[in-house]
Structures are given as structure tokens and as C-alpha cells.
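The values are calculated or read from the model by the stated rules, or taken from the named source; none is laboratory data. Model, not experiment: these values are computed from the prediction. Cβ sites come from the backbone with ideal geometry, for glycine too, and all protein chains shown count toward neighbours.
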Amino acid sequence: MQQPTSPIGVFDSGVGGLSILKAIRKQLPNENLLYIADSANAPYGDREPAFISKRALEIADFLYQANAKAIVVACNTATVVAIDALRANFTIPIVAVEPAIKPAAAVTRSGVVAVLATSRTLASSSVARLCERHGDGIKLMLQPCPGLVEQIERGQLASMQTQALLESYLHPVLSAGADTIVLGCTHYPFLEPQIRAIAGNSVTILDSAEAVARQLQRIINQTNPNHTSNNPTELFLTSGNAEATQGLISKLWENNIKVQTIAQILPGITPD
């Protein structure tokens with residue numbers, strides 16, 4: 001049964017959702033957090049929708065069994081594919097992430113906005129609606145970025161291959177006059193220094209992490225107002241190799257943490 005001290009559950013196909021988790025920890029410093037990296041099945045970007053939906057429902061059910069009082073879908077691809085099914089199947093609050101197209105449209109000076117995301121996210125009806133709603137009078141350049149998630153999952157943030165991929169994706173949109181870049185995948189904020197080095201200081205780079213954290217705080221304050229904890233915890237789980245994932249999450253979380261497999265916590269739940 002969910003209690004005020006029950007954890008907030010956050011999941012992603014891999015480690016990208018840590019960018020959301022960091023914003024949640026900053027916004028809600030007293031909450032207990034439970035993060036799941038579905039590393040055995042990452043990335044979701046090129047997976048079939050039926051598979052993504054199935055995994056999202058299985059992970060959400062795991063978090064529900066773990067008494068999570070809210071779930072954050074910290075993955076743009078899982079959001080566009082599975083958010084309706086998740087909200088139809090679970091009664092606890094579910095917060096989704098979407099590319100920051102609305103704020104980008106408000107701040108662009110050149111009228112050209114680049115949206116970097118996975119192919120699956122950019123092809124979704126959700127992104128189409130965002131573009132239709134907020135794209136009047138501006139040029140939205142939807143730039144798929146195959147390979148970037150895989151590089152981040154390997155911990156190759158500053159490798160020559162990652163640099164080459166970024167340059168191939170950024171140069172066309174920058175040449176077209178984009179002065180605002182939307183990071184439409186939760187993995188991509190971990191490449192912001194590299195993106196900044198290519199794009200320059202005059203380009204605005206936006207992601208959705210702070211907006212998601214603020215929305216979660218509003219919901220938590222409405223449903224669980226007495227949520228303070230003297231010793232807030234963070235539990236990290238993976239469906240993949242715990243040792244490999246532990247090193248990567250520790251690097252991105254900027255602290256040495258312990259990662260366990262899902263099966264170690266609830267033996268009845270299988271990783272795939």
C-alpha cells in the first residue's frame with residue numbers, strides 16, 4: 001500500500017532517465033526514489049511499439065508492487081508509445097516526458113528550432129501534435145539521431161565516434177539557422193557539453209527534466225503532502241548486468257552507488 005514515504009518510481013530503457021532523476025532529486029530532496037534501467041532491452045528507439053508497450057506495462061507493474069506512489073516515464077519513446085496504456089491500467093499518478101518544443105518555440109530568435117530525438121519519438125503522433133500546436137510561424141527541424149543512445153549506454157560520451165555522430169546531426173540544422181536545440185531524448189543531456197562545443201554559446205539548448213520534476217512536485221503535493229523523509233534513499237535497479245550498469249550509473253550520477261538486478265528485489269519478476 002502506498003504511503004507518504006513510499007518511493008517515486010522512475011524508469012527508462014537504460015541510463016538516460018538519470019537526467020530526469022537528477023532534476024527530481026533537486027526539486028524533491030526528501031523523497032525516496034526507485035530507478036529502473038531496462039538495460040537488457042535498451043535502446044527502445046528502434047524497438048517495435050508492441051514490445052515497448054509490453055515492457056512499460058511490466059515495469060510499471062513492478063513499481064506498483066514495490067508500492068511506488070507515483071511513476072515517472074523518463075523515456076520519450078516509452079511515453080509516446082505506452083503512456084495511454086499505462087494510465088488506463090494504473091491508478092497511481094503517472095508523469096510523462098515530452099520534447100520541450102513549446103518553450104523552444106517561445107525563445108527562438110531565428111525562428112528555426114532543431115529537435116533531436118530517436119526515430120520512433122519523432123515519428124509519433126505526440127510529436128506531430130506538439131509541432132502543430134506550437135510550430136506556427138517557426139521552422140521545426142526534426143533530426144533523428146541513431147546511434148547516440150547506444151554510445152551513451154556504452155559510456156562513450158566523449159569518444160571520436162560520438163563526436164562524429166553529433167557533428168553529422170548538428171551541422172545540417174545549424175547551417176539552416178537553428179538557434180534553439182531541443183534534446184528530445186532523456187539520454188542526450190549527458191552529451192550537452194559536446195553539443196555546446198559544436199553549436200556555440202549563442203544557441204539555446206533545452207530539455208524537459210526540470211519541467212517534469214516541477215509537474216511531479218505539483219502532483220505529489222496534491223496527493224501526498226506529508227512526504228518528508230529524514231534519510232531519503234535512492235535505489236537503482238537494472239534488468240541487465242548489474243556490475244556494468246553500476247559503473248555507468250555511478251559515472252552519470254556523479255557518485256558511487258550500488259545497482260541491483262530486478263530479480264534480486266522481487267524474484268518473481270524476470271528481466272525480459
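Hey, can you tell me all the residues within the range 8-33 that are more than 12 Å from the chain's Cα centre (by Cα) and either part of a helix (DSSP H, G or I) or buried (at least 24 other Cβ atoms within 10 Å of the Cβ) (or both)?
Residues satisfying the conditions are Ile8, Gly9, Arg25, Lys26, Gln27, Glu31.
Quick check on the range 80-94: of everything there that is crowded, with 24+ Cβ neighbours inside 10 Å and touching a residue at least 40 places away in the same chain (Cβ under 8 Å), which residue is farthest from the chain's Cα centre (by Cα)?
The residue in question is Val81.
Can you find a residue in the range 124-139 that is outside any helix (DSSP H, G or I), within 26 Å of Pro43 (Cα to Cα) and within 18 Å of the chain's Cα centre (by Cα)?
Just the residues of the range 124-139 that are outside any helix (DSSP H, G or I), to begin with: 124, 135-139.
When the remaining residues are screened for being within 26 Å of Pro43 (Cα to Cα), the result is 124.
Narrowing the set further to residues that are within 18 Å of the chain's Cα centre (by Cα) leaves 124.
So far as the range 124-139 goes, yes, one or more of its residues are outside any helix (DSSP H, G or I), within 26 Å of Pro43 (Cα to Cα) and within 18 Å of the chain's Cα centre (by Cα).
The rows are residues; the columns are (1) β-branched (Val, Ile, Thr); (2) not assigned by TED's automatic domain parsing to the domain that holds His187.
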position: Pro43; (1), (2): no, yes
position: Ile71; (1), (2): yes, yes
position: Val81; (1), (2): yes, yes
position: Arg109; (1), (2): no, no
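Considering only residues that are farther than 23 Å from Cys145 by Cβ and assigned to a strand (DSSP E or B), which ones fall in the range 58-74? I'd like the intermediate steps shown before the answer.
First pass over the range 58-74, keeping only residues farther than 23 Å from Cys145 by Cβ: 58-71.
Passing the criteria: Ala70, Ile71.
In the range 159-268, which helices (runs of 4 or more DSSP H) lie fully inside it and hold 1 or more residues that are of a type in the set (Gly, Ala, Ser) and closer than 22 Å to Leu140 by Cα? Break it down into steps so the answer makes sense when it comes.
Values: elements: 160-175, 192-199, 209-223, 242-253, 262-265.
Of the helices (runs of 4 or more DSSP H) lying wholly inside the range 159-268, those with at least 1 residues that are of a type in the set (Gly, Ala, Ser) and closer than 22 Å to Leu140 by Cα span 160-175, 192-199, 209-223.
Checking the conditions here, which among Ala176, Ala209 is in contact (Cβ under 8 Å) with a residue 60 or more places away in the chain and surrounded by fewer than 19 Cβ atoms within 10 Å (Cβ to Cβ)?
Ala176
For the list (1) closer than 26 Å to Thr261 by Cα; (2) in contact with a His (Cβ under 8 Å, 6 or more places away or on another chain), I need the number of the one condition that Ile83 fails.
Checking Ile83 against (1) closer than 26 Å to Thr261 by Cα; (2) in contact with a His (Cβ under 8 Å, 6 or more places away or on another chain), the one that fails is (2).
Mind telling me which of the residues Arg47, Arg55, Arg120 ends up being basic (Lys, Arg), in a loop (DSSP other than H, G, I, E, B) and in contact (Cβ under 8 Å) with a residue 12 or more places away in the chain?
Just a single option satisfies the conditions, and that option is Arg47.
Do we find that Glu234 is surrounded by 16 or more Cβ atoms within 10 Å (Cβ to Cβ), of a type in the set (D, E, K, R), within 25 Å of Ala66 (Cα to Cα) and in the same structural domain as Gly16 (by TED's automatic domain parsing) in this structure?
yes
Taking Ser110 as the residue in question, decide whether it is under 30 Å from Thr204 (Cα atoms), modelled with pLDDT under 95 and small (Gly, Ala, Ser).
On the way: under 30 Å from Thr204 (Cα atoms): yes; modelled with pLDDT under 95: no; small (Gly, Ala, Ser): yes.
In short, no.
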